[in-house]
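The structure appears right after this line, and notes come after that.
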Amino acid sequence: MMNLIGIVGTNSDQSTNRQLLEFMQKHFAEKANIELYEIKNLPAFNKPRDTTAPPEVQDLSDKIKEADGVIISTPEYNHSVPAILKSTLEWLSYTTQPLIDKPVMITGASYGRLGSSRAQSHLRQILDAPELKARIMPSSEFLVGLSLQAFDEDGKLADPNKVQELEEIFNEFIQFVDITKQLVKTNPNKNKSKSFSWEKN
Amino acid sequence: MKIVGIVGSNAEFSYNRLLLNFIAKNLKNLVDVEVLDIDEVPMFNQSDDQTNSEPIQYLNKKIVEADGVIIATPEYNHSIPSALQSVLEWLSFKIHPLDGKPVMIVGASYDVQGSSRSQLHLRQILDAPGVNAVVMPGNEFLLGEVHQAFDEDENLKDASTVQFLESCIKKFIRFINVVTIIDSPEGMKDVSSTEDLYATGKIDTTIEGVDMEAEDWVEQAAEAVGAVEGDTYVKLDRGILTVNQLNYFLKSMPAELTYADSNNQFLYYNRMYEAEDMLASRTPAQVGNPLAKCHPERTYSGVAWVIQQLRKGKEDVVRAHVPTHGPDKFVVHSYQAIRDEEGNYLGINEYVQDIKPIIDWYLKQTGQQLTGGDVDAVSGATEKVDTVSGATAQD
Ligand SMILES: Cc1cc2nc3c(=O)[nH]c(=O)nc-3n(C[C@H](O)[C@H](O)[C@H](O)COP(=O)(O)O)c2cc1C
Ligand SMILES: Cc1cc2nc3c(=O)[nH]c(=O)nc-3n(C[C@H](O)[C@H](O)[C@H](O)COP(=O)(O)O)c2cc1C
């Protein structure tokens, strides 16, 4: 079975994005092992002189390297991605670069009606930067708007249409992970071998 | 004009800091720029509110007091650095100092594109309803390949770059002026000319023959009219007090009081404290000045507007919350019309109060609480967001 890492894109104690990933973990238990990952204990990135990864970052990096794919669920703060998630990605790009060529699925939940669409579009652009270069699943936006009302007491997504939509996207993602593996094997990312770095170039 | 420049990086060394320092140093004939760092600001966390911490309050105060803000952003992974993002999250969570504030974006990065992508993200973020800054359109100042841009003295090497930077700053100054006028309640129109703020006119009580701007105007004017003082009795409606009693009485008022007459001359304040200890500072030498001398020029339109409301009888009082005092105070300036029995406008009683102790006392006495605790506070940002997303969904 496929092993996936689900990154909770916030350091908040209460999070509808965490709820969403927990729901996916349970709902898709037959199809994949999804391990949730919390980023709240990662230090804040500050471009240190030393480019070795702090232990918490190394830990996340190892998990990503071993996983077949990554799901990132992002809140929306000020039409963008929360600072803590950005900081996590800065660490990864600055040190071990484990996301290069890694299949990534983006999900998001927000209190507003638009359900993190703007944050997701920023996240796509960020993951496309040369030091991250993830393989982001195309044409697949899964968003939960008005997220405070979206889950029932058992943590299940209340709207059956939403559940179906999520199932379709998730099934596609499973295939996308396989296809990407093929693609990467035959066309490895050029940056990967060179290990692109802004600071060295 | 007072500007704060925010360094969008928390790194020990930053080219964006050099860029702001260069602006502060080289364009000081145009603007007064104070460069602020963000490295002390903690990572934003919705469930650990640190809005009241020193670094955030410091930034808040500086931004609120400034006429405009320049943000210099690096580019990290095609976006703005998390450190800057975190600052903007704090400044849109419980407090909103950038609301309505003119902002100019500049940026330096290693790529030839010089932070163009991060500048675009920053624009979108500053536009979000919780931040709601007024970002200057166009004029992206992008400094690409920044590791080659400065000489040993930390000056920009390229003369045409310096020239462009200067033209951007000039444009920003004009932009700030325009935004200030738009924000004044009458819309685009500058209404400063509706009031004689230099007090060139004369009313029955105007004391003539004394220079209004003299530091000892009070002493000179008192001599000119033979003003009484000390233990002399004055008859009032309704009672009799000595001038001393009247003074102590006014100084015991729970507010800073200021009297400006209908000729827009500043005649009196109940001097309880030294200027620096006042909620709205006044100095003894200012008394007698025309109002134009008591306010910065950019506020003339707003001042004139307030006086017009009172003079024309549209309002009896105009209030404004002044948020520069930090979270422990809620300072309100009330401009109360002073009128005679016939309702003729005689001037303004401006009283300045911190009303927080009164509200706290009221809540304690009645056992009530303000709503807007932890959960609600988050939706504070959210409510605003919702309204806007609602509007977006419609179009
Ligand atoms: C600083 C701040 C900014 C926010 N900005 C937005 C926003 O732009 N759009 C939105 O839908 N919700 C916004 N919110 C509200 C929610 O935090 C957001 O909807 C989030 O995606 C909820 O995810 P969570 O339940 O996983 O925390 C903001 C909240 C904070 C604290
Ligand atoms: C994590 C990370 C990601 C970066 N991503 C980009 C990028 O996408 N585009 C770019 O032009 N430079 C990028 N850089 C290089 C920055 O432009 C460079 O560090 C620059 O000096 C930042 O400005 P500062 O000196 O003011 O911190 C990146 C640097 C770091 C540390």
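The values are calculated or read from the model by the stated rules, or taken from the named source; none is laboratory data. Everything numeric in this text was worked out from a predicted model, so none of it was measured. As a convention, Cβ positions derive from the backbone with ideal geometry for all residues, glycine included, and neighbour counts pool all protein chains shown.
For region B:314-363, which fully contained strands (runs of 3 or more DSSP E) count at least 1 residues that are more than 29 Å from B:A66 (Cα to Cα)?
Ranges flagged: B:331-339, B:345-354.
Hey, among the residues in region A:46-79 that are β-branched (V, I, T) and crowded, with 18+ Cβ neighbours inside 10 Å, which one's nearest to ligand 1 (Cβ to nearest atom)?
A:T74
Can you name the number of the only condition in (1) part of a loop (DSSP other than H, G, I, E, B); (2) within 16 Å of ligand 2 (Cβ to nearest atom) that A:P138 fails?
Among (1) part of a loop (DSSP other than H, G, I, E, B); (2) within 16 Å of ligand 2 (Cβ to nearest atom), A:P138 violates only (2).
Residue under question is A:Q120, and the condition is that it be more than 10 Å from ligand 1 (Cβ to nearest atom), farther than 17 Å from A:F45 by Cα, in contact with a Ser or Thr (Cβ under 7 Å, 6 or more places away or on another chain) and of a type outside the set (A, V, I, L, M, F, W, C); does it hold?
The answer is yes for A:Q120.
Do you know which of the residues in region B:79-94 that are of a type outside the set (F, W, Y) and under 20 Å from the mean Cα position of the chain (by Cα) is nearest to ligand 1 (Cβ to nearest atom)?
Filtering first and then ranking leaves B:S92.
Across region B:37-60, which residue is nearest to the other protein chains (Cβ to nearest Cβ) among those that are out of contact with any helix residue (DSSP H, G or I) (no Cβ under 6 Å at 6 or more places or on another chain) and within 16 Å of ligand 2 (Cβ to nearest atom)?
Among residues in region B:37-60 that are out of contact with any helix residue (DSSP H, G or I) (no Cβ under 6 Å at 6 or more places or on another chain) and within 16 Å of ligand 2 (Cβ to nearest atom), the one nearest to the other protein chains (Cβ to nearest Cβ) is B:D39.
Among the listed residues A:V184, A:V177, identify the single one that is aliphatic (A, V, I, L, M), surrounded by 14 or more Cβ atoms within 10 Å (Cβ to Cβ), in a helix (DSSP H, G or I) and at pLDDT below 95.
Residue meeting the stated conditions: A:V184.
For region A:115-128, give me each residue that is facing another protein chain (nearest Cβ under 10 Å), surrounded by 21 or more Cβ atoms within 10 Å (Cβ to Cβ) and in a loop (DSSP other than H, G, I, E, B).
A:G115
Output yes when any residue across region A:80-102 is touching a His at 6+ places or on another chain (Cβ under 9 Å), hydrophobic (A, V, I, L, M, F, W, C) and buried (at least 22 other Cβ atoms within 10 Å of the Cβ), and no when none is.
Within region A:80-102 (the criterion being touching a His at 6+ places or on another chain (Cβ under 9 Å), hydrophobic (A, V, I, L, M, F, W, C) and buried (at least 22 other Cβ atoms within 10 Å of the Cβ)), the answer is yes, since at least one residue qualifies.
For region A:34-73, which positions are in contact with a Leu (Cβ under 9 Å, 6 or more places away or on another chain), within 14 Å of chain B (Cβ to nearest Cβ) and charged (D, E, K, R)?
A:E56
Whether any residue in region A:38-52 is more than 16 Å from ligand 2 (Cβ to nearest atom), touching a strand residue (DSSP E or B) at 6+ places or on another chain (Cβ under 9 Å) and farther than 25 Å from B:F44 by Cβ is what I want to check.
So far as region A:38-52 goes, no, none of its residues is more than 16 Å from ligand 2 (Cβ to nearest atom), touching a strand residue (DSSP E or B) at 6+ places or on another chain (Cβ under 9 Å) and farther than 25 Å from B:F44 by Cβ.
When region A:13-28 is examined, which residues are found to be closer than 21 Å to A:N41 by Cα and among the hydrophobic types (A, V, I, L, M, F, W, C)?
Within region A:13-28, A:L20, A:L21 qualify.
Which of the residues spanning region A:16-33 are more than 14 Å from every other protein chain (Cβ to nearest Cβ), within 16 Å of ligand 1 (Cβ to nearest atom), out of contact with any Lys or Arg (no Cβ under 7 Å at 6 or more places or on another chain) and farther than 14 Å from A:E168 by Cα?
Of everything in region A:16-33, those that are more than 14 Å from every other protein chain (Cβ to nearest Cβ), within 16 Å of ligand 1 (Cβ to nearest atom), out of contact with any Lys or Arg (no Cβ under 7 Å at 6 or more places or on another chain) and farther than 14 Å from A:E168 by Cα turn out to be A:Q19, A:L20, A:L21, A:E22, A:Q25.
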